[in-house]
Amino acid sequence: MSGILHGIINFLLETVSHLGYPGIILLMALESSFFPFPSEVVIPPAAYLASKGQFSLFWVIVSGVFGSLLGAWVNYFLAIRLGRPLVQRFIFSYGRYLFLGEHTLVRVENFFDRHGHISTFVGRLLPGIRQYISLPAGLAKMNFFLFSLYTALGAGIWVCVLALAGYLVGANEALLKLWIKRGSWFLIAFCGVLVAIYLYFHLRSSSGER
């Protein structure tokens, strides 16, 4: 299995090297949709090549963000097109066993109508969630401009973290992994603080309206 994974990673690195910025866009679009490989094997190597003068760090970041946005759009429109019928069919078949009903969809839509911006932004910064936050946003038919804006902002922060790590320590694999790990934990903590601040002002605003 490790040999297969190693071969996939080598293929990705060769793709980035040979295709340049379009390769970064393609791979990040796949990573941002459903394809099971991490952005950590795309952006840091490209940024390391930028440190050697083969790429521009600015355009590596721009390509990474644009690719992430493309992949998120795929999930978003798939959820709009296919999501609701599939969820309704699932609820009709199994909802009674999981205490789910039609109201579940309404709650999701109402939630993203009120909190879609913070959910999309924070979701793009969290591992294991960033690839899939587009699905509930599409299911709830979140405003496309706002979805794109907050997706780009969240993806931009993550891509910058990866790019700077690859640019500064890309030649040292152990140090690169440490930097990315610390960066991930920092972003998780940042998201926790951001959500706490958002909830504070949201609850304060709600209580003021009563």
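The residues of the range 150-162 that are touching a residue at least 60 places away in the same chain (Cβ under 8 Å), crowded, with 20+ Cβ neighbours inside 10 Å and under 30 Å from Asp113 (Cβ atoms), listed by number, are Thr151, Ala155, Trp158, Val159. For beta carbons closer than 9 Å, sequence separation of 6+ or different chains, a first residue in the range 65-80 that is more than 13 Å from Met28 (Cβ to Cβ) and a second that is part of a helix (DSSP H, G or I) and modelled with pLDDT of 90 or more, the qualifying pairs are Tyr76/Phe144; Tyr76/Phe147; Tyr76/Ser148; Tyr76/Thr151. Screening Arg182, Arg130 for residues that are at negative phi and assigned to a helix (DSSP H, G or I) leaves exactly one candidate, Arg182. The residues of the range 163-173 that are in a helix (DSSP H, G or I) and in contact (Cβ under 8 Å) with a residue 12 or more places away in the chain, listed by number, are Ala163, Leu164, Ala165, Gly166, Tyr167, Leu168. With respect to the conditions (1) closer than 18 Å to Pro38 by Cβ; (2) surrounded by fewer than 21 Cβ atoms within 10 Å (Cβ to Cβ); (3) aliphatic (A, V, I, L, M), Val193 lacks only one, and its number is (1).
Yes/no per residue for (1) part of a helix (DSSP H, G or I); (2) in contact with a helix residue (DSSP H, G or I) (Cβ under 6 Å, 6 or more places away or on another chain); (3) at pLDDT 80 or above; (4) within 18 Å of Phe66 (Cβ to Cβ):
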position: Tyr150; (1), (2), (3), (4): yes, yes, yes, yes
position: Val161; (1), (2), (3), (4): yes, yes, yes, yes
position: Leu175; (1), (2), (3), (4): yes, yes, yes, no
position: Leu178; (1), (2), (3), (4): yes, no, yes, no
position: Cys191; (1), (2), (3), (4): yes, yes, yes, no
position: Ile197; (1), (2), (3), (4): yes, no, yes, no
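The values are calculated or read from the model by the stated rules, or taken from the named source; none is laboratory data. Keep in mind that this is a model prediction, so the values were computed, not measured. Here the Cβ is made from the backbone with ideal geometry for all residues, glycine too, and neighbour counts use every protein chain on show.
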